[in-house]
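The next block holds one structure in the form of structure tokens; read it before the comments.
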Amino acid sequence: MALASDAASEAVFEHDVVRNLICRQARYPDIATPQDWYMALAYTVRDRMLARWAESVKNYALHHVKVACYLSAEFLIGPQLGCNLLNLGLEEEAREAMDSLGQDLDALLAIEEEPGLGNGGLGRLAACYLDSLASLEIPAIGYGIRYEFGIFDQDIVDGWQVERTDKWLKMGTPWEIIRPDIHYYVSFGGYTRMWNDEQGRLRVEWVPGRQVKGVAYDVPVQGYRVNTCNVLRLWKSEAVESFDFDDFNAGDYYEAVEEKVVSETLSKVLYPNDEPESGKRLRLAQQYFFVSCALQDMLRLMEVSHTPVERFADRFAAQLNDTHPSIAVAELMRLLIDERLLSWEDAWSITQRTFAYTNHTLLPEALETWSLPLMQSMLPRLVEIIFEINQRFLDEVRRAQPGDEGSVARMSLIDEQGDKKVRMAHLATVGSHKVNGVAALHSDLLKQTILRDFAAMFPSRFLNVTNGVTPRRFIMQSNPGLARLLDDTLGEKWRTDLTRLDALADHADDATLQKAWRAVRRENKAKLAARIGNITGIAVPPEMMFDIQVKRIHEYKRQHLNALHIISLYQRLRRDPTLDVAPRCFIFGGKAAPGYDMAKLMIRLISGIAEVVNQDPATRDRLKVVFYPDFNVKNGHIIYPAADLSEQISTAGKEASGTGNMKFMMNGALTIGTLDGANVEIREQAGADNFFLFGMTAQQVAALQQSGYRPGHYLEANEALREALDEIAQGRFSRGDKTMFRPLLDNLLNADPFLVLADFADYAACQQRVSEVWRDEKRWARMSIINTARSGAFSSDRAIKEYCENIWQTRAVKIDLAAP
Ligand code: GL2
């Protein structure tokens, strides 16, 4: 049976930890550091995953099953030890074993460095999907990049964000298995030439300027209480030869070393998003590098299992996670035509049947295009193929809409206006059989806006798959108190089928459940309060309402709307100290892209407000403001379960989905939000009575912007807003400096591209309703319980089932473990 072979006694576990401590860390217990113990424990857990991994791989190869390949430039997998223990069902055993070795499991979990191989939502989504794929026993491989430096670490110094490089590998990582034997060569630069082979076929050869070697680093992905263990295969770039011996012998030692250094920079660092793409040559090189390695790897797997290349699309479904891997469309064509000698038509049919594309944003500045000359110099053969795809595609457009050259120009893969660019979203759309958005509203807008012409021409290609998040990490692992309460109330079936939480709604008014519910929440809040005290020195009473906004800092996410409301509340309290407002702690967290000045200024503003408000004796007991530094997956574990109110206040139409909103909801937070992204579906599930709605709809936003938005109009109509902005201008939150926030104020007063001023009044009124409901303890508890109860739809298991059925056509494969 499934886990019987691992029913190793605690004594065996303990013995294995000590053996790993000695044999892998070369330390004996008396002198071992916590890091040594962590490594020994992690290896002990990993050892228990390896048999499952080998068995899973063997099964997939033997039975020629279809494998879902998730191609993503980012996988924000978070700390691994806790989730692997949970998924293997080894938590208690490990805790007791470590206990008898004199080690505290929680302390060891806390020292794990998380691999920050992603920016935020998009990368974390990829990690949730890998977890669900393995838990649902779907054969899958994640393909990405092993960045040496992940997303930067954030310090807050004098209220400002300061970036530190993320040295996640400095102590080594126990979770990767290096596969020097699995490596591929990736070409860059040079030129192409045509020639005729012996059969008289016209062939194209790419003579590269240089090559880089990609080496596989595998991270096992264990499913929850099943034997399936899939793999996340990350590519590290290396020089083809450590030294170019010709140069070396010719005496140019430095040139030889330089080649090595340049090749190894390819997988050096993750690019922060929210910055202009221009000039990021290295980023395009990274994208092509990992995609080429992935596709070569898939072709090798075909060979290993003796499957003819013509059956590629029957064996693999490849999902393009945004446009970052979209060059894969042209690369697969190259590999099939130039190297496997397939006809264009056959290769194109395979390519289209293999790929599907997920769009994650409508923001124009985030839509990837690459300068054509840059691409031509870096990937000359790929550009030839893109041209050919484009020509054939535009012929099709012309046949469908004769004489409509406007459509042709709009749909072309090449943007011909100004400096020519390759439109990566068009390449991905044309090269895929399915294209999806990530929430119902976003998928609709996608079809109405940036991909309108494509949706009109290929209506059946478009669909929606609303995002989801893994309940393993975001309930079971980070909120064990809630998980136990759910077990006690509902039994354990919710753990593998989150829709079972629905039954909780029947008990929403049950006084005993409400009491236990509050106790769990109270404990989570006390934990976060203690952490905040340690990190920032700010004392926050857990009785306060915890009102939390954690996510990347961005104007469209409108942290400044939240900040303006806090200032206005603070002003009202100062004016009338007897005012009856619910005591609240406003908690913010999130990173700003290093080159995004406005976002950095928003962090400074929040810090400035915290500095003033937290000191003021007039409001100290009723208002607290915290900026929690370095928000990442690990900090999320303690933050989400402690939230009473979840802030999802983006300008409608701008947030494609959001996934933090789902994590908060599962953990029983109520949402204050706009009708944006997945908020719409969250509100549908929770019921309008259990959601605090405010703000303009996406349609109203578009209409207002079209008719000429005047922020001044809203300012004139709202005194509270004027006062709040005025106090910022007076230097109140910048230690008297009246210039510091000028760029932010000017932007709001003159342009306000995200309609902060237009939504302010309704937001403030909605916050007032929140305060009133908070006063009614029972009502709040009921609403909180209902939110958790209705969160089943936002499990990534549901999302992955939809991908499998509607896009990939992949099926579960049960892995039985042979006796050891
Ligand atoms: C994002 C969206 O902004 C976000 O709303 C969505 O939840 C995630 C995952 O689909 O994708 N798009 C994007 O480019 N990033 C996101 O987080 N970085």
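Quick note: the coordinates plus some simple rules give every number you see, no bench work behind them. Everything numeric in this text was worked out from a predicted model, so none of it was measured. Glycine gets a Cβ as well: all are built from the backbone with ideal geometry, and neighbour counts include every protein chain shown.
Separation between the GLU684 and ARG164 pseudo-spin-labels, each 7 Å from Cα along Cα→Cβ, expressed in nm?
For GLU684 paired with ARG164, the spin-label model returns 4.4 nm.
For the chain, give me the percentage of DSSP beta bridges that are antiparallel, rounded to the nearest 5 percent. Walk me through the intermediate numbers first.
Numbers: 36 of 82 bridges.
Counting only bridges with both partners in the chain, antiparallel ones make up about 45 percent.
Sort THR228, THR33 so the one with the fewest other Cβ atoms within 10 Å of its own Cβ comes first. Write out the running numbers ahead of the final one.
On the way: THR228 27, THR33 11.
Going from least to most buried by this count: THR33, THR228.
Using the Karplus curve 6.51 cos²θ - 1.76 cosθ + 1.60 with θ = phi - 60°, work out ³J(HN,Hα) for each residue of the range 459-475 in order, rounded to whole Hz, and write x for Gly and Pro.
x, 6, 6, 9, 8, 10, 10, 5, 4, x, 10, 7, x, 4, 6, 8, 10
Mind giving me the nanometre distance, one decimal, between the label points for ALA54 and THR265, set 7 Å out from Cα along Cα→Cβ?
Computed distance between label sites ALA54 and THR265 equals 4.2 nm.
Order of LYS268, LYS58, LYS624 from fewest to most other C-beta atoms within 10 Å?
Working: LYS268 15, LYS58 12, LYS624 24.
Going from sparsest to densest Cβ surroundings: LYS58, LYS268, LYS624.
Amide H of TYR357 versus every other amide H placed in the peptide plane: which residues, excluding those fewer than 5 positions away on the same chain, fall under 5 Å?
Answer set, sorted by chain and number: LEU320, LYS434, VAL435, ASN436.
Largest first and in whole Å, give the semi-axes of the range 480-792's equivalent ellipsoid, each being the square root of 5 times a Cα gyration tensor eigenvalue.
Values: eigenvalues 207, 98, 63 Å².
Each semi-axis is √(5λ); the values are 32, 22, 18 Å.
Using Cα pairs under 8 angstrom and six or more residues apart, how large is the relative contact order of the chain, in percent?
Numbers: 1510 pairs, mean separation 114.6, N = 820.
Relative contact order here is 14 percent.
Could you pull out every residue, at least 5 positions away or on a different chain, whose amide H is within less than 5 Å of the one on GLY142? Hs are placed 1.01 Å off N in the peptide plane, and Pro or chain starts have none.
So GLY142 has HN proximity to TYR70, VAL231, LEU232, ARG233.
Which order results if THR651, THR369 are arranged by neighbouring Cβ count within 10 Å, fewest first? Let's see the in-between values first.
Details: THR651 25, THR369 18.
Placing the least packed residue first, the sequence is THR369, THR651.
Using alpha-carbon positions, what is the distance between the centroids of the range 520-568 and the range 613-675, in Å?
Answer, in whole Å: 6.
Would you mind classifying the range 643-684 by shape? Square roots of the alpha carbon gyration tensor eigenvalues, ordered a ≥ b ≥ c; an a/c under 1.5 is rounded, otherwise it is prolate if a/b is larger than b/c and oblate if not.
Details: a/c = 1.92, a/b = 1.72, b/c = 1.12.
Taking the square roots of the gyration eigenvalues as a ≥ b ≥ c, the range 643-684 is prolate.
Given the DSSP H assignment, sum -39500 (n - 2.57) over each helix run of at least 4 residues in the chain and divide by its residue total; what's the result at 222 nm in deg cm²/dmol, nearest 500?
On the way: 32 runs with 376 residues, N = 820.
Computed mean residue ellipticity for the chain: -14000 deg cm²/dmol.
Can you work out the PRE-style zone for ALA618? Point 7 Å along Cα to Cβ, and I want the residues of the range 721-735 with backbone N under 11 Å.
none
Can you give me the distance in nm between label points at ARG300 and GLU405, each placed 7 Å from the Cα along the Cα-to-Cβ direction?
4.9
May I ask you to derive the FRET efficiency for ALA519 and ARG574 from their Cβ-Cβ distance with R0 = 51 Å, giving the value to the nearest 0.05?
Details: r = 35 Å, r/R0 = 0.68.
Calculated transfer efficiency: 0.90.
Could you calculate the contour length gain from THR449 to ALA729, that is, 0.36 nm times the residue separation minus the distance between their Cα atoms, to one decimal place in nm? Could you put the intermediate results ahead of the total?
Numbers: separation 280, 0.36 × 280 = 100.80 nm, distance 3.77 nm.
That works out to 97.0 nm of additional length.
If you plug each phi of the range 507-518 into the Karplus form 6.51 cos²θ - 1.76 cosθ + 1.60 with θ = phi - 60°, what whole-Hz ³J(HN,Hα) values come out, in order, with x for Gly and Pro?
Values per residue, Gly and Pro as x: 9, 4, 9, 5, 4, 5, 5, 4, 5, 5, 4, 5 Hz.
Search the structure for amide H atoms under 5 Å from the amide H of ASP630, placed 1.01 Å from N in the peptide plane, and list their residues when 5 or more places away or on another chain.
Those lying under 5 Å, H to H, from ASP630 are GLN154, GLY590.
Estimate the FRET efficiency between ARG392 and TYR191 by the formula 1/(1 + (r/R0)^6), using the beta-carbon distance for r and 22 Å for R0, to the nearest 0.05. Walk me through the numbers on the way to the answer.
Values: r = 24 Å, r/R0 = 1.08.
Step by step, r from the Cβ atoms, then E = 0.40.
Calculate the translational D of the chain in whole µm² s⁻¹ from Stokes-Einstein, where the hydrodynamic radius comes from the Kirkwood formula applied to all Cα pairs, the temperature is 20 °C and the viscosity 1.002 mPa s. Please list the in-between numbers first.
Numbers: Rh = 28.2 Å.
My calculation gives 76 µm²/s for D.
So what are the ³J(HN,Hα) numbers for the range 321-333, from phi and the Karplus equation (6.51, -1.76, 1.60; θ = phi - 60°), rounded to whole Hz, Gly and Pro as x?
7, 6, 7, 3, x, 6, 4, 4, 4, 6, 5, 5, 4
List the lysines whose alpha-carbon lies under 23 Å from that of LYS525, not counting same-chain residues fewer than 8 positions away?
LYS515, LYS551, LYS591, LYS624, LYS634, LYS663, LYS778
Under a cut-off of 18 Å between alpha-carbon atoms, report the lysines in cross-link reach of LYS434, not counting same-chain residues fewer than 8 places apart.
Straight-line reach from LYS434, under 18 Å: LYS66, LYS447, LYS801.
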